[in-house]
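Heads up, the thing below is written out as structure tokens.
The values are calculated or read from the model by the stated rules, or taken from the named source; none is laboratory data. Because the structure is predicted, anything quoted here is derived from the model rather than measured. Cβ coordinates were reconstructed from backbone atoms using ideal geometry, including for glycine residues, and neighbour counts include every protein chain displayed. Each accessible area value is taken on the protein alone, full model and side chains, heavy atoms only, with ligands, DNA and RNA left out. Shrake-Rupley method; radii C 1.70, N 1.55, O 1.52, S 1.80 Å.
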Amino acid sequence: MFIYTNQENNQFHLTNGKVSYIFHVMKNGQLGHLYYGKALRHRSDFSHLQTYDVPTPASCHPYEDDPAFSLETLRQEYPAYGNSDFREPAISVGKEDVPHVPNFIYDSFKIVEGKPRLEGLPSTYVNDDEEASTLQIVLRDQFLQAELTLHYTIFRDQPVITRSASLKNEGTGNLVIDRLMGASVDLPDKEFIFTHLAGTWSRERQVKERSLEMGIQSISSLRGASSHHHNPFLALKRPAATEDTGEVYGFNFVYSSNFLMQVEVDHYDMARLTVGIHPMGFKWNLQPAESFQTPEVVMVYSDQGLNGMSQAFHTLYRQHLIPKQWKTEDRPILINNWEATYFDFNEEKLVDIARSASELGIELFVLDDGWFGKRNDDTSSLGDWHVDFDKLPDGLESLAAKISETGMKFGLWFEPEMISPNSELFREHPDWAVGVPGQSYTLGRNQLVLDFSRPEIVDYIYEKMSDIMKRTNLSYIKWDMNRNITEAFSQVLSARQQGEFFHRYILGVYRLYERLTSEFPHVLFESCAGGGGRFDPGMMYYAPQAWTSDDTDAVERLKIQYGTSFAYPIYSMGSHVSAVPNHQTLRETPLSTRANTAYFGTFGYELNPLLLSEEEREEIEEQVAFYKQHRSLIRDGQFYRLLSPFEGNETAWMVVSPDQSEALVGYYKVLATPNGRKHQTLRLSGLDEGRIYQAEGRDYYGDELMQVGLPLPTEFNGANSKQALRGGDFQSEVFYVKSR
Ligand code: DGJ
């Protein structure tokens, strides 16, 4: 439907009117890249898009009589190293004992309406086959006796193409894969700003930018999780592009473990983008008849700036990635006891919190860490998934029943992939921990990692979790992962298989998610990894929301949520109002600003409601009612970033309903400015120009709100205690805009 093929000149054109992706078979039988960008009119021949370079005396070339045909300068679809291309490749595979340069030659193609699932891996999907078309290109390396399939899916309604690759061993001996990337794209120039999301625990997904330069620039994770440090997201933005205008290419890797996203700019200023499982430490043995499937790369093209790119990701993930049942269902407003009690609780305290929160309209009570084994601090009991009767003498069932009596749903925290050295499980199965026998273990948060590459361990944890889920009728699970993986060895893999460990581990995590989410589809999963250490589309396939960060400070959250929104829908971001002074920054922000920030996410509370004043309770009751009234807008609306916290003292963003009839606008001013700007307005986005909207009691046309802007209350700029009615720093306002 969206794929043109020309079998005479072996050209392929994927287009949906928004984006075009064109490639062909080169004269050496390998695939050459021709174009990726804004949609082009289809024509029967695109050969002229292949630009041969003037041969240089220095370049190597496979054909003696055609020095211009050098892989060094040709743009390719899925390059190998070792021929005349000296850049980093997409594939490196060989036989165990015989040297060979991979040479995958075009064999055939197949078009599938819709999008086949990727076996064992999370990936985007279609709801019906009309929503996308998939092109599968089959290439063969005769010597290796291997079949390489490149999978391209183009979605009907979005400027989105997804890519992955699979390799099948068709021979009789083993193959060894050193590198098999999800996608490689050769762009003709380097005029881009490399834009990515970097940070650390408590400071995740800060927007970083740098110009592309000759050489390799990359982001990656080698931690066994997609990581707090680099999100598997990268945008290549034209220097002149803004939030709303200009060209941006966005890439996101649907994977939750070690990844590499790199751009190599060569000596001719061409830019090769490569995305995939990090080759460092990776080595996969492919037995005869076996296949290896790479995770998927989502590629978005936007000619409407960064907002256009983000909106394409958001729509794709809302419609084609998160579990189907959570697309339209409201997510409950929750209260989590972590910052209220940490490990210090008993049944009475928990039920009191739940009752008090229920009176405020909160819908779900989540019991966080510390309910199992003998876990009074973080030094023990991970893996002992049975209730701590000292804290909860009547068991989890009794607690669940009492929570239910308060009118609340019940949710529970697990850290399924971990084992404490001080645990019954470790005493019984010391070999279940990831590590090298005979060598010391490196601890992280006093804990070790369970070897999820072993199916029997995943099965064991499944039994424990599913049993509790059934007995307590759980509505929600927070699945945490609080440390990265060191000494990445499995005790059951042979020495030559150890390079498979990280990938096998994450496949085990996905398998457990798959079993639990398909058996308990009504249970809402929130992924978490010490805050936002695994906020990626791989997790989102199972868990439609993720705990964005352990940093709940409203000012910090502006940056974290702003950065996260580059790739992920706001309704995927767990965002809670917590107590002040904030537990991470000790900052005191107004309750209103904490809520105004948290509204733009999946809303909740992380405080002890029993410690609130009457006034605060009233305010929270209003907040809860406000979020309930607007949460379908937060869920389904189009999100626009307006002012960046990375660029100044003010942040603003808004969400507009799909029919443009209403919008919520968040405006935040971190530090007060005495006697500040006059006539300050906030220019909105995404409204219908000709429609009349009501905001702050006045009528405006959509174009006025977008061109002139919404006047900001003068109190934000007051010069003294009489005028600065907003009361100093950390002020904010959420405006509701409604068409008449
Ligand atoms: C890290 C999470 O991000 C927190 O919210 C909390 O669940 C703790 N772990 C519990 O150990």
So, taking all protein chains as they sit and a 1.4 Å probe, how much accessible area belongs to Tyr462, in Å² rounded to tens? 20 Å²
Excluding residues fewer than 8 positions from Lys208 in its own chain, the lysines with Cα under 27 Å of it are Lys38, Lys190, Lys237, Lys559, Lys669
Nearest 10, in degrees from 0 to 90: the angle of helix 395-405 to the longest Cα principal axis of the chain is 70 degrees
With both bridge residues required to lie in the chain, what share of the DSSP beta bridges run antiparallel, to the nearest 5%? 85 percent
Tail fraction, Cα-Cα pairs, the chain, threshold 36 Å, whole percent: 45 percent
Would the range 1-149 count as rounded, prolate or oblate if I go by the C-alpha gyration tensor, calling it rounded below 1.5 in a/c and otherwise prolate when a/b exceeds b/c, oblate otherwise? oblate
If the only charges are +1 at each Lys and Arg Cβ and -1 at each Asp and Glu Cβ, what is the size of the charge dipole of the range 256-333 around the Cα centre, to the nearest 20 debye? 340 debye
How much accessible area does Arg445 have with a 1.4 Å probe, in Å² rounded to the nearest 10? 80 Å²
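Using a Förster distance of 22 angstrom, determine the FRET efficiency expected from the C-beta separation of Asp390 and Glu424, and round it to 0.05. Let's see the in-between values first.
On the way: r = 15 Å, r/R0 = 0.68.
After rounding, the FRET efficiency stands at 0.90.
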How big is the convex hull of the Cα atoms of the range 388-471, per residue, in Å³? 120 Å³
Express the relative contact order of the chain as a whole percentage, based on alpha carbon pairs under 8 Å and six or more residues apart in sequence. 10 percent
Pull out a ≥ b ≥ c, the square roots of the eigenvalues of the alpha-carbon gyration tensor of the range 565-724, then state rounded if a/c is under 1.5, prolate if not and a/b is larger than b/c, and oblate in the remaining case. oblate
State log₁₀ I(q)/I(0) for the range 506-622 at q = 0.12, 0.18, 0.22 Å⁻¹ as given by the Debye formula over alpha-carbon point scatterers of equal weight, solvent excluded. -0.48, -0.92, -1.17
Sorted by average packing, counted as other Cβ atoms within 10 angstrom per residue and highest first, what order do 37-45, 127-135, 69-77 take? 69-77, 127-135, 37-45
Of every Cα-Cα pair in the range 625-713, the percent that sits beyond 21 Å: 34 percent
So if I restrict to the alpha-carbon atoms in the range 200-298, what is the Rg, and what is Dmax, the biggest pairwise distance, in Å? 15.5, 51
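Could you calculate the contour length gain from Met280 to Asp688, that is, 0.36 nm times the residue separation minus the distance between their Cα atoms, to one decimal place in nm?
141.9 nm
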Can you give me the three principal axis dimensions of the range 441-497 from its C-alpha atoms, in Å, biggest first? 43, 25, 13
Straight-distance crosslink candidates among lysines, where the alpha carbon sits under 20 Å from Lys409 and sequence neighbours closer than 8 are dropped: Lys327, Lys349, Lys470, Lys478, Lys628
What percent do you get for the relative contact order of the range 86-202 when only Cα pairs under 8 Å and 6+ apart count? 26 percent
At q = 0.14, 0.15, 0.19 Å⁻¹, what log₁₀ I(q)/I(0) does the range 141-268 have when each alpha carbon counts as one equal point scatterer in the Debye sum? -0.78, -0.88, -1.22
Options Val665, Gly676, Val655, ranked by Cα towards positive dipole end of the range 618-685, top entry (Cβ charges): Gly676
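Suppose accessible area is computed on protein heavy atoms with a 1.4 Å probe; arrange Phe389, Phe259 from highest to lowest.
Solvent-accessible surface, decreasing: Phe389, Phe259.
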If every Lys and Arg gets +1 and every Asp and Glu gets -1 at its Cβ, then about the Cα centre the chain yields a dipole, in debye to the nearest 20, of 840 debye
Going from most exposed to least, what order do Asp97, Asp178, Asp344 have by accessible area with a 1.4 Å probe? Asp97, Asp344, Asp178
What is the Cα convex hull volume of the range 244-381 when expressed per residue in Å³? 263 Å³
Can you give me the relative contact order of the range 214-336 as a percent, contacts being Cα pairs under 8 Å and 6 or more apart? 28 percent
When the Kirkwood radius is taken over all Cα pairs of the range 331-478, what Stokes-Einstein diffusion coefficient follows at 4 °C and 1.567 mPa s, in µm²/s? 81 µm²/s
What is the helix-to-structure angle for 347-359, meaning the angle in degrees between its Cα long axis and the longest Cα principal axis of the chain, kept from 0 to 90 and rounded to the nearest 10? 90 degrees
Choose one of Tyr255, Asn10, Ser123: the residue whose Cα lies farthest towards the positive end of the charge dipole of the chain (beta-carbon charges +1 Lys, Arg; -1 Asp, Glu; about the Cα centre). Asn10
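Using a 1.4 angstrom probe on the protein heavy atoms only, could you order Cys60, Cys528 from most to least accessible area?
The residues order as Cys60, Cys528, largest area first.
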Once the Cα atoms of helix 455-472 and of the chain are each reduced to a long axis, what angle between those two axes, in degrees from 0 to 90 to the nearest 10, is obtained? 30 degrees
Hits in the range 281-308: amide N under 13 Å from the 7 Å Cα→Cβ extension of Leu493, namely 281-286
State the extension gain, in nm to one decimal, for the chain segment bounded by Glu647 and Asn6, taking 0.36 nm per residue of separation less the distance between their alpha-carbons. 225.9 nm
Convex hull of the range 340-421 built on C-alpha atoms - directionally averaged projected area, nm²: 5.0 nm²
In nm, the gap between the two label points placed 7 Å beyond Cα toward Cβ at Ala68 and Ser518 is 5.4 nm
Rounded to the nearest 10 Å², the accessible area of Met214 at probe 1.4 Å: 110 Å²
Which one of Ala543, Thr162, Leu144 is farthest out on the positive end of the charge dipole of the chain, using unit charges on Cβ (Lys, Arg +1; Asp, Glu -1) and the Cα centre as origin? Thr162
If you place +1 on the Cβ of every Lys and Arg and -1 on the Cβ of every Asp and Glu, how big does the dipole about the Cα centre of the range 432-517 come out, in debye to the nearest 20? 180 debye
